[in-house]
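Novice: My questions all concern the structure below.
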Amino acid sequence: MRKQAIRIGKNLCAIDGIYWSIAKLSGLKENLFWLLYALDDDEVHTQKQICNDWLLPKTTINTLIKECEADGYITLQAIPGRKRELQICLTEKGSNFAKQTLKTVYKIERKAITAVLNKGTSSFITDLELYADELRTAYETYKQSERT
């Protein structure tokens with residue numbers, strides 16, 4: 001199993017490095033790249049959810065949200081039934097900015113995913129999600145056992 005874990009780790013680092021290079025190519029700071037990427041999916045997002053899903057530091061995301069709000073790229077809206085959490089929404093200006101700056105990554109991803117699917121490997125995303133969930137669970141269990 002160790003060899004499989006090494007292969008996964010190696011490939012995840014390679015993927016991360018490629019995304020970092022694409023972010024650099026787009027002219028965005030990497031964390032801003034990921035914030036825009038996360039927000040540009042027509043889903044409802046909160047700061048807490050983005051930090052949990054993308055494992056980005058709360059203080060970094062908070063700073064980026066304030067900067068994006070000041071630049072007119074996002075608005076914060078109340079969520080019915082949730083007193084402390086706000087929905088982060090791209091404005092039209094923000095949506096246009098995100099689509100423009102992220103078009104390169106979307107083009108590269110589309111090409112890569114199409115190539116993978118054409119090879120008949122359609123379960124790799126589900127398998128990767130399953131591995132990430134299990135790894136997170138194992139990590140959280142380990143953290144809990146260390147505290148006791």
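Novice: Report the gain in length on full extension from residue 66 to residue 109: 0.36 nm times residue separation, minus Cα-Cα distance, nm rounded to one decimal. Walk me through the intermediate numbers first.
Specialist: Numbers: separation 43, 0.36 × 43 = 15.48 nm, distance 2.88 nm.
Once the chain is fully extended between residue 66 and residue 109, it gains 12.6 nm.
Novice: Please work out which option in [x] 54, 36, 31; [y] 48, 47, 26; [z] 43, 36, 25 gives Cα extents along the principal axes in Å calculated from these coordinates, and answer with its label.
Specialist: Answer by label: [y].
Novice: With all protein chains present, how much of the accessible area of the chain (probe radius 1.4 Å) comes from carbon and sulfur, to the nearest whole percent?
Specialist: Carbon and sulfur: 57 percent of the exposed surface of the chain.
Novice: Under 5 Å between amide H atoms, partner at least 5 residues away or on a different chain: which partners does residue 86 have, H built in plane at 1.01 Å?
Specialist: Sorted by chain and number, the residues that satisfy this are 47.
Novice: Then there is this: How long is the gain from residue 2 to residue 145 if the chain were fully straight, where each residue apart is worth 0.36 nm and the alpha carbon distance is subtracted? Could the numbers behind the result be given before it?
Specialist: Values: separation 143, 0.36 × 143 = 51.48 nm, distance 2.23 nm.
Fully extending the segment from residue 2 to residue 145 adds 49.3 nm.
Novice: Follow-up question, since we're still on this one. Would you mind getting the accessible area per residue of the chain, heavy atoms of the protein chains only, 1.4 Å probe, in Å²?
Specialist: That works out to 74 Å² for each residue.
Novice: Next question. Working out 0.36 nm times the residue gap between residue 135 and residue 75, then minus their Cα-Cα distance, what length gain in nm do you get to one decimal?
Specialist: Numbers: separation 60, 0.36 × 60 = 21.60 nm, distance 3.38 nm.
Residue separation times 0.36 nm, minus the Cα-Cα distance, leaves 18.2 nm.
Novice: Of 134, 67, 43, which has the largest mean-square fluctuation in a 10 Å C-alpha GNM of the chain?
Specialist: With Cα springs under 10 Å in the chain, the top fluctuation among 134, 67, 43 is at 134.
Novice: Also: Using modelled amide H (1.01 Å from N, peptide plane; none on Pro or chain starts), what sits under 5 Å from the amide H of residue 40, excluding residues fewer than 5 places away?
Specialist: Correct list: empty.
Novice: Which of the listed residues, 52, 1, 135, is farthest toward the dipole's positive end in the chain, when Lys, Arg count +1 and Asp, Glu count -1 at the beta-carbon?
Specialist: Farthest along the dipole direction, towards plus: 1.
Novice: In debye, nearest 20: dipole of segment 61-144 around its Cα centre with unit charges on the Cβ of K, R (+) and D, E (-)?
Specialist: Working: 13 positive and 11 negative charges, 51 e Å.
Its charge dipole is roughly 240 debye.
Novice: What FRET efficiency, computed as 1/(1 + (r/R0)^6) with R0 = 30 Å and r the Cβ-Cβ distance, is obtained for residue 52 and residue 13, rounded to the nearest 0.05?
Specialist: Result of the calculation: an efficiency of 0.85.
Novice: With an 8 Å cut-off on Cα pairs and a minimum separation of 6 or more residues, tell me the relative contact order of segment 29-148 in percent.
Specialist: Details: 81 pairs, mean separation 25.2, N = 120.
Relative contact order comes out at 21 percent.
Novice: Note down the nm distance, to one decimal, between modelled labels 7 Å out along Cα→Cβ at residue 91 and at residue 124.
Specialist: 4.0
Novice: Hey, can you grab everything whose amide H is under 5 Å from the amide H of residue 74? Only 5+ residues off in sequence or another chain; H modelled, so Pro and N-termini drop out.
Specialist: When sequence neighbours closer than 5 places are left aside, the close amide H contacts are 69, 91.
Novice: Right, something else. Based on Cβ point charges of +1 for Lys and Arg and -1 for Asp and Glu, what charge dipole magnitude is obtained for the chain about its Cα centre, in debye rounded to the nearest 20?
Specialist: Computed about the Cα centre, the dipole is about 420 debye.
Novice: In whole Hz, with x marking every Gly and Pro, tabulate ³J(HN,Hα) for segment 44-50 from phi via Karplus 6.51 cos²θ - 1.76 cosθ + 1.60, θ = phi - 60°.
Specialist: Karplus-based 3J(HN,Hα) across segment 44-50 equals 7, 9, 10, 4, 4, 5, 5 Hz.
The values are calculated or read from the model by the stated rules, or taken from the named source; none is laboratory data. Everything numeric here is computed off the predicted structure, so don't read it as measured data. All Cβ positions, glycine included, derive from the backbone under ideal geometry; neighbour counts span all protein chains shown. For the accessible areas, the whole protein counts, side chains as well, though only heavy atoms, and no ligand, DNA or RNA atoms are used. Shrake-Rupley method; radii C 1.70, N 1.55, O 1.52, S 1.80 Å.
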